[in-house]
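The values are calculated or read from the model by the stated rules, or taken from the named source; none is laboratory data. Just so you know, these numbers come straight off a predicted model, no measurement behind them. In this analysis, Cβ positions are derived from the backbone assuming ideal geometry, glycine residues included, and neighbour counts consider all displayed protein chains. For accessibility, only protein heavy atoms count, side chains too; no ligands or nucleic acids. Shrake-Rupley method; radii C 1.70, N 1.55, O 1.52, S 1.80 Å.
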Amino acid sequence: MSDMEQREQLEKCLKPQWVWAIAFGSAIGWGSFVLPADWIAMAGPVGAILGLCIGAVLMIIIGVSYGFLIKIFPVTGGGFSYSYLGFGRHHAFFCGWFLTLGYMSIVALNASALALLAKFIIPDVANFWRMYSVAGWDVYFGEVAIASLALILFAWINTRGGSLSGKSQYYFCLLLIAGALFVVVGMLMSPETSFANMKPMFQPEISAWSAVFAIVAIAPWAYVGFDSVPQAAEEFDFSPAKAFMLIVMALAMAALHYSLLIMATAIAMPWTELVAQGPVWGTGEVVQGTLGTLGLAALALSLLMGIATGLNGFYIATSRLMFAQGRAKFLPSVFGQLHSTYRTPTAGIVFTCAVCLLAPWFGREVLLWIVDMAATGVAIAYFYCCAAAYKCFKWSKSGKGKDYEGGVSPFKKTLSLLGALSSLSFLGLLLIPGSPGALSMPSWIALLVWGALGGILYVKRREHIQGVSKEHLDRMILASES
């Protein structure tokens, strides 16, 4: 392989508000509309809100490292590129493989969430032709068709150029926010709701802190969209120095949005009664009961936009991540090529679509097993990013290492260390048996299967990964000539 091989470059076409929308919309997704009742059942209303706010603060601490690294290396790849920067090629392969799983599974889950919305809004269509049952979940042709059409539509949008994807994401977010505000204000003003319904504030069957940390454990999943920003860094049409502020704005608004939807759900009726009823869609049922058809329509519009932003945002993130790996030949070289007209990483988009089209056929329970452990891949990437930033920051000018602009900062070096420790804490909550957020056995099996597939791919790609020069990889992954 020649070290002078041409480096494919993504087009600089994303405006700041579009990048904010990619981060915010991906972080919100469908979960803020579908899961409030589940989170309330886990931790109580205040416990759930507190857990998600603590998670947002931890994500912002981690975001310090992302903002700094984006500024000095505005390239696509995110955790893959930064793990290479800090720890070399083998760590980069490991991080990129598990981060790909995290992103791809969220694409699939957003598509299945659309099928769930259809079950609530148009049940005759979604429940057309029951085919079989998997792990207790009935699989209908109608819901498979709905999820599949959504996956194909957003794959098409993403192949047509970064500008179309970014602009679409921005308008989806505006509609999402408008619908959510209508619902929250309506619930707060309704004479049928009361803050007294939020008592007890925490789940009474477990300690308050156990309840809170059960929610904190899902923060890597709840806020995963913010790390779409480094995936899009190569396409910024503005200064990469703005990236950190966009990350903070997206995380703060996401935490506020989550909190307001939890509150709107909990004030409708005593939350213990709501949880005891085991509703299919707790937020949808209490909004419909309080605000009627108009309220449900606004909530459904917001949920639809949340699903759209999740699908679109993670198509962007997954395809750019795979493009970065393909450009470095860690994945087959076809993933590192761009469309001749639209300059989009078409192979990654098509591959993501093809894999995710399989997911609806396995039923939602099986998909949830995979998604439950997707937070593991995301937390791994967070750790590598923060650890790489820690190595780049310096305590003083005389410290060892390269002199990056803004790199002499004891405060930021401390924050990057705290971010790395937070990431390890997330991994501990997920992987240590008996912890509040521990993975279930099916999720462990899915994690091990994905790891084994990565091992097979590594063996097949080992000759390149080990044999190519560092100078070549520096140029392909970091756009560095040294």
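Descriptive notes on the structure:
- Gly451 vs. criteria assigned to a helix (DSSP H, G or I), open to solvent by less than 80 Å² (accessible area, probe 1.4 Å) and more than 25 Å from Leu69 (Cβ to Cβ): yes
- Checked against the criterion of being closer than 20 Å to Leu101 by Cα, among the aromatic types (Phe, Trp, Tyr) and open to solvent by less than 30 Å² (accessible area, probe 1.4 Å), the candidates Tyr382, Tyr458 yield just one match: Tyr382.
- Of all residues in region 303-314, those being over 15 Å from Tyr103 (Cα atoms) and not hydrophobic (A, V, I, L, M, F, W, C) number 1.
- Within region 156-163, the presence of at least one residue that is in contact with an Asp or Glu (Cβ under 7 Å, 6 or more places away or on another chain) and open to solvent by less than 40 Å² (accessible area, probe 1.4 Å) is confirmed.
- Looking only at residues of region 421-441 that are among the hydroxyl-bearing types (Ser, Thr, Tyr) and over 26 Å from Val366 (Cβ atoms), we find that the one that is least open to solvent (accessible area, probe 1.4 Å) is Ser423.
- Being open to solvent by 70 Å² or more (accessible area, probe 1.4 Å) and out of contact with any strand residue (DSSP E or B) (no Cβ under 6 Å at 6 or more places or on another chain) holds for only one residue in Lys413, Lys400, and it is Lys400.
- The single condition from (1) in a helix (DSSP H, G or I); (2) surrounded by fewer than 17 Cβ atoms within 10 Å (Cβ to Cβ) that Ile146 fails is (2).
- Residue tally, condition open to solvent by less than 30 Å² (accessible area, probe 1.4 Å) and over 26 Å from the mean Cα position of the chain (by Cα), over region 273-295: 6
- Answer residue from region 189-243, given it is open to solvent by 40 Å² or more (accessible area, probe 1.4 Å) and either basic (Lys, Arg) or in contact with an Asp or Glu (Cβ under 8 Å, 6 or more places away or on another chain) (or both) and is nearest to Gln17 (Cα to Cα) among those: Lys242
- Residue in region 67-86 that is without any contact (Cβ under 8 Å) to a residue 24 or more places away in the chain and either closer than 30 Å to Glu463 by Cβ or surrounded by fewer than 24 Cβ atoms within 10 Å (Cβ to Cβ) (or both) present: no
- Of the criteria (1) in contact (Cβ under 8 Å) with a residue 40 or more places away in the chain; (2) buried (at least 21 other Cβ atoms within 10 Å of the Cβ); (3) within 30 Å of Gly162 (Cβ to Cβ); (4) not β-branched (Val, Ile, Thr), which one Phe393 fails: (3)
- Any pair with Cβ under 9 angstrom, 6 or more apart, that starts in region 95-107 at a residue that is at negative phi and ends at one that is among the charged types (D, E, K, R): Leu99/Asp227
- Within region 334-343, considering residues that are in contact with a helix residue (DSSP H, G or I) (Cβ under 6 Å, 6 or more places away or on another chain) and either farther than 26 Å from Arg89 by Cβ or small (Gly, Ala, Ser) (or both), the one surrounded by the fewest Cβ atoms within 10 Å (Cβ to Cβ): His339
- Screening the candidates Ala375, Ala359, Ala317, Ala324 for the property of being at pLDDT below 90, under 19 Å from Trp97 (Cβ atoms), assigned to a helix (DSSP H, G or I) and open to solvent by less than 10 Å² (accessible area, probe 1.4 Å) yields one hit, Ala375.
- Cβ-Cβ under 7 Å pairs, at least 6 apart or on other chains, region 114-134 side exposed (fewer than 15 other Cβ atoms within 10 Å of the Cβ), far side among the charged types (D, E, K, R): Arg130/Asp138
- Lone qualifier among Ala347, Ala308, Ala298 - being among the hydrophobic types (A, V, I, L, M, F, W, C), without any contact (Cβ under 8 Å) to a residue 60 or more places away in the chain and either surrounded by fewer than 24 Cβ atoms within 10 Å (Cβ to Cβ) or over 20 Å from Lys12 (Cβ atoms) (or both): Ala347
- Applying the criterion of being in contact (Cβ under 8 Å) with a residue 40 or more places away in the chain and among the small types (Gly, Ala, Ser) to the residues of region 408-419, the residue that is farthest from Phe383 (Cα to Cα) is Ser416.
- Evaluation of Met59 against the conditions (1) open to solvent by less than 10 Å² (accessible area, probe 1.4 Å); (2) over 25 Å from Ala211 (Cα atoms) shows that the sole unmet condition is (2).
- Being aromatic (Phe, Trp, Tyr), at pLDDT 90 or above and buried (at least 19 other Cβ atoms within 10 Å of the Cβ) is not true of Phe141.
- Verdict on Phe98 being open to solvent by less than 60 Å² (accessible area, probe 1.4 Å), of a type outside the set (A, V, I, L, M) and closer than 30 Å to Phe393 by Cβ: yes
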